[in-house]
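Shown next, in structure tokens, is the structure this report addresses.
What follows is calculated from the coordinates using simple rules that are stated; it is not laboratory data. Just so we're clear, the structure is a prediction, and the values are computed from it rather than from any experiment. All Cβ positions, even for glycine, are placed from backbone atoms using ideal geometry, and neighbour counts span all protein chains on display.
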Amino acid sequence: MNITTRSQAINEMCKVCIYDRLSTGTWKDQVESCTDMNCPLYSFRPLSAGTNKRLKDERYALMSPEEKKKYDARADAARERFKSVTQSSNK
């Protein structure tokens, strides 16, 4: 495999580390269930969209009201930037 991006390098390292073709699940299933929180790549390992959303929701639930307000303001600003970029590229 020709590794060209950081994401590809992380995916490949996780595959080498944990994937067992004789075990159940795909390599992504096995990487997603990794429990080695001491691994420097743990926070960057590939996750499914459902797992990413669940973790994001869990982190949001733990935020204080002030943190939620700041987070929501940043998210709103990002949505506005994205909307303006997509509108200008559709012209």
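Looking only at the range 7-20, decide whether some residue is among the acidic types (Asp, Glu), surrounded by fewer than 10 Cβ atoms within 10 Å (Cβ to Cβ) and in contact with a helix residue (DSSP H, G or I) (Cβ under 9 Å, 6 or more places away or on another chain).
Checked against the condition, which is being among the acidic types (Asp, Glu), surrounded by fewer than 10 Cβ atoms within 10 Å (Cβ to Cβ) and in contact with a helix residue (DSSP H, G or I) (Cβ under 9 Å, 6 or more places away or on another chain), the range 7-20 yields at least one hit.
Could you grab the pairs with beta carbons closer than 9 Å, sequence gap of 6+ or different chains, first residue in the range 22-36 and farther than 18 Å from residue 7 by Cα, second one in a helix (DSSP H, G or I) and polar (S, T, N, Q)?
Partner pairs satisfying both residue conditions: 23/30; 24/30.
I'm trying to understand the selection: among the residues of the range 38-91, which are more than 27 Å from residue 26 (Cα to Cα) and among the hydroxyl-bearing types (Ser, Thr, Tyr)?
Selection gives 60, 64, 71, 84, 86, 88, 89.
Counting just the residues of the range 21-68 that are polar (S, T, N, Q) and under 13 Å from the mean Cα position of the chain (by Cα), which one comes out surrounded by the fewest Cβ atoms within 10 Å (Cβ to Cβ)?
Here the residue is 43.
List every residue pair whose Cβ atoms lie under 7 Å apart, where the two residues are 6 or more positions apart in sequence or sit on different chains, the first residue falls within the range 1-15 and is touching a residue at least 24 places away in the same chain (Cβ under 8 Å), and the second residue, located anywhere, is surrounded by 11 or more Cβ atoms within 10 Å (Cβ to Cβ) and of a type outside the set (Lys, Arg).
Listed by first residue and then by second, the contacts come to 10/41; 10/44; 11/46; 13/41; 14/31; 14/41; 14/46.
Check whether at least one residue in the range 77-91 is surrounded by 10 or more Cβ atoms within 10 Å (Cβ to Cβ), polar (S, T, N, Q) and within 16 Å of the chain's Cα centre (by Cα), and report yes or no.
No, because not a single residue in the range 77-91 is surrounded by 10 or more Cβ atoms within 10 Å (Cβ to Cβ), polar (S, T, N, Q) and within 16 Å of the chain's Cα centre (by Cα).
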